[in-house]
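Undergrad: Below you will find the structure I want to go over with you.
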Amino acid sequence: MNALRRNVLKGATGAGAVAVAVAAGLLKPTQVLAAPRSAFEAKNVADALSGLGAAGAAESKDITIKAPDIAENGAVVPVEVTSAIAGTSSIAILAEKNATPLVADFDLMGGTQGFISTRIKMGQTALVRAVVTAGGKNYTATKEVKVTIGGCGG
Amino acid sequence: MAEPMRIRATMAGDAADVKVLMNHPMETGLRKDAKTGQLVPAHYITEVTAAVNGTPVLKGGMSGGVSKNPYLGFKVKGAKAGDKITVNWVDNTGDKNSADTTVA
């Protein structure tokens with residue numbers, strides 16, 4: 001009786017995992033997005049940047065990152081990126097020490113200004129990096145955010 | 001299922017200031033359930049799109065690194081009061097949601 005129950009439970013979790021895998025496999029990266037899904041799965045900053053096609057992006061003072069110096073709660077860190085670079089076509093946000101550094105990437109078109117405001121999770125104190133694409137070139141800027149309570153894991 | 005989202009758009013100078021609040025757990029897939037010790041399966045928004053009167057203005061990708069119940073703010077130049085703004089998202093399980101508002 002107990003053994004059967006155990007097998008049933010095992011079977012159930014197994015099937016669940018397969019369903020998740022199928023769902024993940026079905027979600028192919030959309031062509032229109034600047035960043036392929038693989039960039040979001042990159043485990044370090046260099047891989048994430050090359051996934052974005054932004055390896056070797058130039059530091060720029062025209063990008064402003066508005067984020068708290070000290071974030072008490074790493075689960076919710078407000079980040080605002082403003083790009084004063086003309087022709088800004090995409091803004092990506094990375095938290096350098098997260099398990100998967102690339103947090104979000106936005107393509108801007110049709111009159112959308114070089115401005116993105118969102119809230120991100122940060123596992124620990126790290127640099128928040130913004131990568132801006134304008135006129136086919138990549139620019140970047142960073143700001144350090146100190147995290148007192150992590151947002152990833154428990 | 002997908003909960004309703006909140007969206008607001010107001011004119012600020014010559015641009016429409018759009019603010020969206022999506023209801024989503026945004027599980028990274030790396031967090032453990034405190035009671036069972038099992039990993040909580042990943043469940044997060046992967047794609048966000050926005051359009052003004054049907055013309056795309058923003059396409060975005062997200063990872064589990066965006067906070068729970070994601071907030072997104074952006075500004076669209078050239079939009080006018082009365083324009084219709086639509087925001088859609090799709091998550092990694094294929095769930096989707098959409099909301100629209102008119103610029104005030």
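Each value in this text was obtained by applying a stated rule to the coordinates, not by laboratory testing. Owing to the predicted nature of the structure, the values given are computational and were not obtained by experimental measurement. For neighbour counting, all protein chains shown are included, and Cβ atoms are generated from backbone atoms with ideal geometry for every residue, glycine included.
Undergrad: Please compare each pair in B:K59/B:K80; A:K43/A:K121; A:K61/B:K75; A:K66/B:K84; A:K97/B:K19 to a cut-off of 24 Å on the Cα-Cα distance and tell me which ones are over it.
TA: Violating the 24 Å limit, Cα to Cα: A:K66/B:K84; A:K97/B:K19.
Undergrad: Further question on the same structure: Other chains' Cβ within 10 Å of A:134-140 residues: what's the mean?
TA: Numbers: counts 0, 0, 0, 0, 0, 0, 0.
For this peptide, the per-residue mean of nearby foreign Cβ atoms is 0.
Undergrad: Counting only other chains, and only Cβ atoms inside 10 Å, what mean value do you get across the residues of B:74-80? Present the calculation step by step, with values, prior to reporting the outcome.
TA: Values: counts 10, 9, 7, 4, 4, 3, 0.
Neighbouring Cβ atoms belonging to other protein chains average 5 per residue here.
Undergrad: Determine the relative contact order of chain B: mean sequence separation of Cα pairs under 8 Å and six or more apart, normalised by residue count, in whole percent. Intermediate values should be presented prior to the final figure.
TA: Values: 255 pairs, mean separation 34.9, N = 104.
Across chain B, relative contact order equals 34 percent.
Undergrad: From Cα pairs below 8 angstrom and at least 6 apart in sequence, can you work out the relative contact order of the range A:31-147, rounded to a whole percent? Each step should come with its number before you reach the end.
TA: On the way: 280 pairs, mean separation 36.2, N = 117.
Relative contact order, the range A:31-147: 31 percent.
Undergrad: Can you list the equivalent-ellipsoid semi-axes of chain B, largest first and in whole Å, using the square root of 5 times each Cα gyration tensor eigenvalue?
TA: Details: eigenvalues 190, 27, 23 Å².
With the √(5λ) rule applied to chain B, the semi-axes are 31, 12, 11 Å.
Undergrad: Would you list which aspartates and glutamates come within 20 Å of A:K146, measuring only between C-alpha atoms, while excluding same-chain residues fewer than 8 positions from it?
TA: A:D69, A:E72, A:E80, A:E96
Undergrad: Same structure again: I want to make sure I understand the PRE zone here: with the label point 7 angstrom from the Cα of A:D62 toward its beta carbon, which residues in the range A:68-91 have backbone N atoms less than 16 Å away?
TA: A:82-91
Undergrad: Hey, another quick one. State the percent of C-alpha pairs, over all pairs in the range A:31-147, separated by a distance greater than 25 angstrom.
TA: For the range A:31-147, the share of Cα pairs beyond 25 Å comes to 14 percent.
Undergrad: Another question, if that's okay. Put a dot 7 Å past each Cα toward the Cβ at A:E41 and A:A99; how far apart are the dots in nm?
TA: Once both label points are built, they end up 1.4 nm from each other.
Undergrad: So how far, in whole Å, is the C-alpha centre of the range A:90-148 from the one of the range A:31-85?
TA: If we compute the Cα centre of each part, the gap is 2 Å.
Undergrad: How big is the dipole moment of the range A:31-147 about its Cα centre under a simple scheme where the beta carbon of each Lys and Arg is +1, that of each Asp and Glu is -1, and everything else is neutral? Debye, nearest 20, please.
TA: Numbers: 11 positive and 11 negative charges, 17 e Å.
The dipole of the range A:31-147 has a size of about 80 debye.
Undergrad: Let me ask something additional. List the GluC sites (Glu not before Pro) within the range A:70-149 that fall in a DSSP loop (any state other than H, G, I, E or B) and whose Cβ has at most 13 other Cβ atoms within 10 Å. Walk me through the numbers on the way to the answer.
TA: Working: sites: A:E72, A:E80, A:E96, A:E144; in loops: A:E72, A:E96.
Sparse-neighbourhood loop GluC sites (Glu not before Pro): A:E72.
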